[in-house]
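**Student:** Take a look at this one; I'll ask things after.
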Amino acid sequence: MKIIFLDIDGVLNSFKYDLHRSEHDGNIDKTRLPILKRVIDATGALIVLSSSWRKHWEKEDNFDPIGAEIDAVFESSELYIYDKTPVLTSASRKQEIEQWLLSHKDEVEAFVIIDDIFGGWDELSPYVIKTSAYVGYGLMDCHADKAIEILNRTD
């Protein structure tokens, strides 16, 4: 399977979005979701939440109001969350992704990490698509193009 490790802040929202959104718009910029869906449609990848927001979402539909918002917004764009990375005490996001990959090592054929964290990825760096909460609106078409290229690579 192909996996997208997905952050939310700085990817599916941004400072520009926060400046222009109304109180009814929610925390996720819905204009970013078609871009994410394009990656999924082109690759067949599954979404694994790596964002700190994952603490609110559970696979068994047992989530709090923030988790319910995440699920509803994704579902409205025909996007579905497959899983989330583990929450490890005192671990970096990189280490949590590595743990998830280790526990699914025989299943994952390709993966990409879409995140606005700039450094600390080390050997995972070739798989990281860096977005920005400060430039543009987070996830943009150029990021989607790169994610599709990484996920569909045949080497």
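**Student:** Chymotrypsin sites (Phe, Trp or Tyr not before Pro) within the range 11-105: which are DSSP loop residues with at most 15 other Cβ atoms inside 10 Å?
**Tutor:** Counting only loop positions with at most 15 other Cβ atoms within 10 Å, the chymotrypsin sites (Phe, Trp or Tyr not before Pro) in the range 11-105 are Tyr80.
**Student:** Ranked by accessible surface with a 1.4 Å probe, highest first, in what order do His56, His24, His104 come?
**Tutor:** If we order His56, His24, His104 from most to least accessible, we get His24, His56, His104.
**Student:** If you don't mind, another one. Please report, for the Cα atoms of the chain, the Rg to one decimal and the Dmax as a whole number; what are they, in angstrom?
**Tutor:** 14.7, 46
**Student:** Around Val128, which amide H atoms from residues at least 5 apart in sequence, or from another chain, sit under 5 Å from its own amide H, with H modelled in the peptide plane?
**Tutor:** Placed amide hydrogens put Ile113 under 5 Å from Val128.
**Student:** Something else about it: Can you give the accessible area of Glu109 in Å² (nearest 10), computed on protein heavy atoms with a 1.4 Å probe?
**Tutor:** Here the residue's solvent-accessible area equals roughly 140 Å².
**Student:** With a ≥ b ≥ c the root eigenvalues of the C-alpha gyration tensor of the range 1-57, is it rounded (a/c under 1.5), prolate (a/b larger than b/c) or oblate?
**Tutor:** oblate
**Student:** Apply the Karplus parameterisation 6.51 cos²θ - 1.76 cosθ + 1.60, with θ equal to phi minus 60°, to every residue of the range 89-104 and state each ³J(HN,Hα) to the nearest whole Hz, in sequence, with x for glycine and proline.
**Tutor:** These are the phi-based 3J(HN,Hα) values: 4, 6, 9, 7, 4, 4, 5, 5, 5, 4, 5, 4, 4, 4, 6, 10 Hz.
**Student:** Carbon and sulfur: what percent of the chain's accessible surface (1.4 Å probe)?
**Tutor:** 51 percent
**Student:** As a quick test, which of the pairs Lys55/Lys94; Lys105/Lys146; Lys16/Lys105 have an alpha carbon distance above 27 angstrom in this structure?
**Tutor:** With Cα atoms farther than 27 Å apart: Lys16/Lys105.
**Student:** Sorted by accessible area with a 1.4 angstrom probe, largest first, how do Lys37, Lys94, Lys105, Lys130 fall?
**Tutor:** Per-residue accessible area, sorted high to low, gives Lys105, Lys130, Lys37, Lys94.
**Student:** With every protein chain kept in place and ligands, DNA and RNA left out, what is the accessible area per residue of the chain? Probe 1.4 Å, answer in Å².
**Tutor:** Here the per-residue accessible area is 52 Å².
The values are calculated or read from the model by the stated rules, or taken from the named source; none is laboratory data. Predicted model only: the values in this text are computed from it and were never measured. Cβ coordinates were reconstructed from backbone atoms using ideal geometry, including for glycine residues, and neighbour counts include every protein chain displayed. Calculation scope for accessible area: heavy atoms of the full protein, side chains included, ligands and nucleic acids excluded. Shrake-Rupley method; radii C 1.70, N 1.55, O 1.52, S 1.80 Å.
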